[in-house]
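The values are calculated or read from the model by the stated rules, or taken from the named source; none is laboratory data. Owing to the predicted nature of the structure, the values given are computational and were not obtained by experimental measurement. Please note: Cβ atoms are built from the backbone with ideal geometry, for glycine as well, and neighbour counts cover all protein chains shown. Calculation scope for accessible area: heavy atoms of the full protein, side chains included, ligands and nucleic acids excluded. Shrake-Rupley method; radii C 1.70, N 1.55, O 1.52, S 1.80 Å.
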Amino acid sequence: MLDNNVRDAFIVKDLFDVPHFGDAVLLGGASGLEGTISRVNVMEVPDVVDWVRPGEFLMTTGYPFKEDPGRLTTLIAQLAQKGVVALGIKTKRFLDEVPEAAIRAADHYGVPLIELPPVTTFSDVVREVMERVLVSESKDLSILQGRVQRLSHVLLHGDGLPAFLNHLQLMIQHPVVLLDPDNQWIASPAAEEWCAQIEPRQWNQLRIEPMAETQFLQANERNVRIHVSTVSDDHARSFLLLILEGTHDYGPADALTVTWAGRLLGFEISNMQARRTIEAKYFDQFLQDWISGRVVSSVDVSCGRKPVDGPCPGEQLMSRASCPSKARA
């Protein structure tokens, strides 16, 4: 079921409607103008790539590159990997002009590269952009509330993980994959064919950098950007919820939805594991009673000692033992 809400997120293209961007120039990366801005950051240190977050519009005076402008080309590739949606550079102070190689990199990775006029005041830009972002996010919260209610309904009615992933795909309009600690996957319909082409070593690649929220995997000679979210559970090697970025924008409401979906999946997975542990305990106990001769007839199974509050464990597990598929569940 799709949301009927019209998405009006603040995107990179909207920056040019902000008064402080009246004289700004788009140098490259025009294919990324539809990217959604969720925050603003200022870079004046060379290792900023370790601190950026997906959805950021990053601005700089160019100071970290005044001695080596060529490093800007490498940075753009790293920012694309991290999910930064645009880079603004204030020229004439530390950089006279943006290198052509950096502009080509922006076009290649789809990261809008914007030349800011020397009079740009970063604090004013941060304030104006974030005001518009917050107005958009207040609308996103109402969308999120409805989505969480629907996803919770799916789990509460026992429809299972495949149905949950299918609903999540319909909501965010991106294929979805749940990867377990052994790299076995459950996928929404649009992701199944893609998952079948991924090799085990590629799944392991997603676990090498657990803090990298945006990564790339190649299948059938095509790079796919993947948003990686860890599902909270009690295991050292966690379940991963993967969102395959498609033709639609992956906006703030989608990111919030995925965060909550991961929490709901964590509860469901912990519940499933607890049920299996309890069932295995009663099954083992029943087998021990059977082997030791305490169960001598069907009367013992259907229980003269049946608990008051429900069927006895022997009766439940005997029906499971008669069906191999259920016994393995």
Inset, instruction - Could you list, in sequence order, all residues of the stretch 274-294 that are of a type in the set (S, T, N, Q), free of Cβ contacts under 8 Å to residues at least 24 places away in the same chain and either under 25 Å from residue 175 (Cβ atoms) or surrounded by 11 or more Cβ atoms within 10 Å (Cβ to Cβ) (or both)? - result: 288
Inset, instruction - Evaluate the stretch 196-213: report whether one residue or more is touching a residue at least 24 places away in the same chain (Cβ under 8 Å) and under 15 Å from residue 255 (Cα atoms). - result: yes
Inset, instruction - Kindly establish whether residue 220 is more than 23 Å from residue 38 (Cβ to Cβ) and touching a residue at least 12 places away in the same chain (Cβ under 8 Å). - result: yes
Inset, instruction - Report yes if residue 58 is assigned to a strand (DSSP E or B), at pLDDT 85 or above and crowded, with 18+ Cβ neighbours inside 10 Å, otherwise no. - result: yes
Inset, instruction - Hand me the list of helices (runs of 4 or more DSSP H) wholly inside the stretch 89-189 holding 2 or more residues that are open to solvent by less than 60 Å² (accessible area, probe 1.4 Å) and over 26 Å from residue 202 (Cα atoms). - result: 100-109, 122-156
Legend entry - Candidates 268, 315, 279 - the one that is more than 13 Å from the chain's Cα centre (by Cα), more than 30 Å from residue 203 (Cα to Cα) and modelled with pLDDT of 75 or more: 279
Inset, instruction - For the stretch 190-207, enumerate the residues that are in a loop (DSSP other than H, G, I, E, B), loosely packed, with under 13 Cβ neighbours inside 10 Å and of a type outside the set (S, T, N, Q). - result: 199
Inset, instruction - Considering (1) at pLDDT below 80; (2) open to solvent by less than 40 Å² (accessible area, probe 1.4 Å); (3) closer than 30 Å to residue 77 by Cβ, say which one residue 248 fails and leave the rest. - result: (2)
Inset, instruction - For residues that are touching a residue at least 40 places away in the same chain (Cβ under 8 Å) and hydrophobic (A, V, I, L, M, F, W, C), tally how many sit in the stretch 17-56. - result: 11
Legend entry - Conditions (1) outside any strand (DSSP E or B); (2) farther than 19 Å from residue 244 by Cα; (3) not hydrophobic (A, V, I, L, M, F, W, C); number of the one not met by residue 34: (2)
Inset, instruction - Would you check which residues across the stretch 61-75 are touching a helix residue (DSSP H, G or I) at 6+ places or on another chain (Cβ under 7 Å) and either surrounded by fewer than 21 Cβ atoms within 10 Å (Cβ to Cβ) or modelled with pLDDT of 95 or more (or both) and list them? - result: 70, 71, 73
